[in-house]
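**Student:** Sharing a structure, written as structure tokens. Questions coming.
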Amino acid sequence: MSRRARLPLACLASLMVLTGCGSTAADHRGAPAGVVLDNCGRQTAVEQPPRRAVSLNQGSTELLLALGLADRIAGSATWTEPVRADLAEANARVPRLADGTPSLESVLTVEPDFVIGLYHAMFTDERVATRDRFQELGVPTYLSPTSCLPESAVLDKPVELADIYREVLDVARIFGVPERGDALVARLRERVARAQERVAALKLQADFSAVFWFGQTESPYMAGSTGSPAIMARALGIRNAYADVASLWPQVSWEDVLRRDPDLIVLADLTREGPGQSMKSKVDFLTADPAVRQLGAVQATRWLPMRGTELNITISTVDGIEKLADTLVRLHGAP
């Protein structure tokens, strides 16, 4: 493949003077060329807006598509479910390197000038390659600021909607379309505000709680305080039943779920096979298990399906906020 030389240190220093290295609101107004920004504790530097980007995850690809950048994507990978319906037409023009995790070789085959990933794990030797390896090859990388640390890490503070907005603005700036980033963030903020207004008008009890069940039946993965479900709950002023657990998807027991007795159960409707993966599998378990079916939420069929991508920290988190708001309105009979 043709390899771009790494930026000399002097050039990087000059760019930093011109563009800054942070991700504040002012930074996002920078020029389309010569961008340097801080990203998960390291610098991401591009001399020109990428023309042949590779996206390692579905969520990253959907962000690029939402910014109108389909013609700048040389390849996508790691698809867990069908693309969002509103992005399907644009996505049809994007080459797919792999349905799952791509090899480094397959990524390099398309001669990328930029690689973006949603998860820390993608930039490891066990998955694709480290960011250091891509830097050696002269390919700039960007990791979602919502996933700077491994999934198992305990975070000092939870990820917020502001982190999702920051990613949108970062990526738009890197690709030289900051105005598109501003417009997308404005739309996302407006949608969240409308959902919040609808829920604020309800007469919810102060301790209304929800669990967000991702997968498995024997020892289920429920959302802790650091992921997309926690963002949804905080945005709408309800209580995540596992907000006291500072991890992404802690494995818990059904006995503990029964003790917490959530008012609502959000079910990840995953496309993968296995017990407790699809919504149907989850509902079958909830209604058949003699202990679990005693939950008030089960007896009242107070559950809500969500796509797996909505339960990961992406722009689809806002879709999840809207779905959760719709369900709360339906349950509480508001117009």
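Just so it is clear, none of the values below were taken in a lab; they were calculated from the coordinates. Given the structure is predicted, the values throughout are model-derived calculations rather than measurements. With ideal geometry, Cβ positions are generated from the backbone for all residues, glycine too; neighbour counts draw on all protein chains shown.
**Student:** Give me, ordered by chain and number, the residues 5 or more places off V115 or on other chains with an amide H under 5 Å from its own placed amide H.
**Tutor:** Counting only residues 5 or more places away or on other chains, the set is V54, T141, Y142.
**Student:** Moving to a separate point now. Could the peptides 261-268, 147-154 be put in order, highest first, of the mean number of other beta-carbon atoms found within 10 Å of their residues?
**Tutor:** Ranking the peptides 261-268, 147-154 by packing returns 261-268, 147-154.
**Student:** Next up: Give me the dipole magnitude in Debye, nearest 20, for the range 106-262 about the Cα centre, with unit charges on the beta carbon: positive for Lys and Arg, negative for Asp and Glu.
**Tutor:** On the way: 17 positive and 22 negative charges, 146 e Å.
With only Lys, Arg, Asp and Glu charged at Cβ, the dipole is about 700 debye.
**Student:** Okay, moving on. So what does log10 I(q)/I(0) come out to for the range 192-331 at q = 0.19 Å⁻¹, using the Debye formula with one equal point on every Cα and no solvent?
**Tutor:** Here log10 of I(q) over I(0) equals -1.11.
**Student:** Under a 5 Å amide H to amide H cut-off, with H placed in plane at 1.01 Å, what residues pair with V266 once short-range neighbours are removed?
**Tutor:** Correct list: V211, F212, W213, L304.
**Student:** With θ set to phi - 60° and the Karplus curve 6.51 cos²θ - 1.76 cosθ + 1.60, what are the ³J(HN,Hα) couplings of the range 70-78 in order, to the nearest whole Hz, using x for Gly and Pro?
**Tutor:** Once θ is set to phi - 60°, the couplings for the range 70-78 become 4, 6, 9, 9, 7, x, 10, 7, 6 Hz.
**Student:** Pairs of lysine in the chain with Cα under 26 Å and at least 8 positions apart or on different chains: total?
**Tutor:** So the count works out to 4.
**Student:** With the cut-off at 1.5 for a/c, could you classify the range 131-193 from its C-alpha gyration tensor as rounded, prolate or oblate?
**Tutor:** It is oblate, given that a/c is not under 1.5 and a/b is not larger than b/c.
**Student:** Subtracting the Cα-Cα distance from 0.36 nm times the residue separation, let me have the gained length for A186 to E89 in nm, one decimal. Intermediate values should be presented prior to the final figure.
**Tutor:** Numbers: separation 97, 0.36 × 97 = 34.92 nm, distance 2.31 nm.
Contour length minus Cα-Cα distance gives 32.6 nm.
**Student:** Place a label point 7 angstrom from the Cα of E179 along the Cα-to-Cβ direction, then list the residues of the range 54-80 whose backbone nitrogen is under 16 Å away.
**Tutor:** Answer for this model: 67-69.
**Student:** When the chain is fully extended, how far beyond the present Cα-Cα distance does E136 get from E151, taking 0.36 nm per residue of separation?
**Tutor:** 2.8 nm
**Student:** Indicate the gyration tensor shape class of the chain (rounded, prolate or oblate), computed on the Cα atoms with a ≥ b ≥ c the square roots of the eigenvalues: a/c under 1.5 is rounded; otherwise a/b larger than b/c is prolate and the rest oblate.
**Tutor:** In terms of gyration-tensor shape, prolate.
**Student:** Which shape class, rounded, prolate or oblate, goes with the range 253-335 when its Cα gyration tensor gives a ≥ b ≥ c as root eigenvalues, a/c under 1.5 marks rounded, and past that a/b bigger than b/c marks prolate? It would help to have the intermediate numbers written out before the result.
**Tutor:** Values: a/c = 1.99, a/b = 1.18, b/c = 1.68.
Oblate shape, in that a/c is at least 1.5 and b/c is the bigger or equal ratio.
**Student:** By per-residue mean of other Cβ atoms within 10 Å, what is the highest-first order of 50-62, 110-122, 78-90, 295-307?
**Tutor:** 50-62, 110-122, 295-307, 78-90
**Student:** Here's something else I'd like to know. If each DSSP helix of 4+ residues adds -39,500 (n - 2.57) and the sum is divided by the residues in the chain, what number results at 222 nm, nearest 500 deg cm²/dmol?
**Tutor:** Rounded to the nearest 500, the figure is -10500 deg cm²/dmol.
**Student:** Just the number, please: percent antiparallel of the DSSP beta bridges in the chain, rounded to the nearest 5.
**Tutor:** 30 percent
**Student:** Something else about it: What nm distance separates the two modelled labels at L258 and K280, each placed 7 Å from Cα along Cα→Cβ?
**Tutor:** Each label point lies 7 Å from its Cα, and together they span 2.8 nm.
**Student:** Arrange R194, R259 by Cβ neighbour counts within 10 Å, fewest through most, would you?
**Tutor:** R259, R194
**Student:** Next up: If you rank S219, S247 by fewest surrounding Cβ atoms within 10 Å, what's the result?
**Tutor:** With the fewest neighbours first, S219, S247 line up as S219, S247.
**Student:** Where does the charge balance sit around F123 when Lys and Arg score +1, Asp and Glu -1, over other residues with C-beta under 12 Å from its C-beta?
**Tutor:** Surrounding charge for F123 is +1.
**Student:** In terms of modelled amide H atoms, which long-range or inter-chain residues lie less than 5 Å from the amide H of Q48?
**Tutor:** G34
**Student:** OK, next. Relative contact order for the chain using alpha-carbon pairs under 8 Å, separation at least 6, rounded to a whole percent? Don't skip to the answer; put the middle values down first.
**Tutor:** On the way: 613 pairs, mean separation 50.0, N = 335.
Once normalised by length, the contact order is 15 percent.
**Student:** Tell me, what HN-Hα J-couplings in whole Hz come from the Karplus equation 6.51 cos²θ - 1.76 cosθ + 1.60 at θ = phi - 60° for each residue of the range 312-329, using x for Gly and Pro?
**Tutor:** These are the phi-based 3J(HN,Hα) values: 9, 7, 8, 4, 6, 4, 5, 4, x, 4, 5, 5, 5, 4, 4, 5, 4, 5 Hz.
**Student:** If you don't mind, there's one more thing I want to ask. Considering the Cα positions of the range 209-267, please state its Rg to one decimal place and its Dmax as a whole number of Å.
**Tutor:** 10.2, 30
**Student:** In which sequence would L67, L258, L143 go, from the one with the fewest C-beta neighbours within 10 Å to the one with the most?
**Tutor:** On the way: L67 19, L258 13, L143 24.
Ascending number of Cβ neighbours within 10 Å: L258, L67, L143.
**Student:** Work out, step by step, the length gained on full extension between D326 and D125: first 0.36 nm times the residue separation, then minus their alpha carbon distance; give nm to one decimal.
**Tutor:** 68.2 nm
**Student:** Could you please report the charge total around F208, scoring K, R as +1 and D, E as -1 over all other residues with beta-carbon less than 9 angstrom from its beta-carbon?
**Tutor:** In short, -1.
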